[in-house]
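Okay, structure first, notes after.
The values are calculated or read from the model by the stated rules, or taken from the named source; none is laboratory data. Not measured: the values here are computed from a predicted model. In this analysis, Cβ positions are derived from the backbone assuming ideal geometry, glycine residues included, and neighbour counts consider all displayed protein chains. Ligands, DNA and RNA are excluded from the accessible area calculation, which covers all protein heavy atoms including side chains. Shrake-Rupley method; radii C 1.70, N 1.55, O 1.52, S 1.80 Å.
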Amino acid sequence: MNDNMNPQEVSERNSSSSSTHSRTKCPGVSVIRREFVDLTGDHFSAVVLNQLLYWTQRVKDFDLLLEEERLFNPGCNVQPRHGWIYKPAPELIEETMLKASPPTMRKYLRLLVEKGWVDERPHPQDGWNKTTQYRVNLRKLGSDLEAIGHRPPEVYRDVFIASLGEQVNG
């Protein structure tokens, strides 16, 4: 190995001689955040919540999600329209590396839904599609983190601030 090469260059160099399958497979990263462990009470649900937040920032209607959060009206009983994540349990299992069964993954998701940190719905246009869609409730999550003395993780802080319609300082 050349000492002047950074890890990314080494990885790319090594993968160029690997099979196509190994080159297309991304290395997995699963993050356990103290704030979410303290909030959920277990690291499994914390990892799932973090993964849903990761995907929340990558939904195609992310800007509309933030606008919808800014205009939130607690008296309005209309279900949110933007920021929904289409993520089957087997994909979440693979992404989080929890080695859980699909029913166990659904148990972790159900806890997040019951606590109000995540909303769920069936596919809105395709009744035959049984994959549940999820949406992180940024307001509830931020409020509950604050109630236990935590701020949102730095990587998500701008998302939470924007969802509340506040200016990002510093």
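Below, the figures for the structure above:
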| item | result |
| --- | --- |
| Condition met for residue 73 (at pLDDT below 65, within 29 Å of residue 149 (Cα to Cα) and open to solvent by 50 Å² or more (accessible area, probe 1.4 Å)) | yes |
| Residue within region 87-98 that is closer than 20 Å to residue 141 by Cβ, at pLDDT below 90 and surrounded by 12 or more Cβ atoms within 10 Å (Cβ to Cβ) present | yes |
| Residues being of a type in the set (Lys, Arg) and touching a helix residue (DSSP H, G or I) at 6+ places or on another chain (Cβ under 6 Å) - total across region 33-51 | 1 |
| Yes/no for residue 157 being part of a helix (DSSP H, G or I) and touching a Lys or Arg at 6+ places or on another chain (Cβ under 8 Å) | yes |
| Filter result for residue 112 (on the phi < 0 side of the Ramachandran plot, touching a strand residue (DSSP E or B) at 6+ places or on another chain (Cβ under 8 Å), modelled with pLDDT of 90 or more and crowded, with 19+ Cβ neighbours inside 10 Å) | yes |
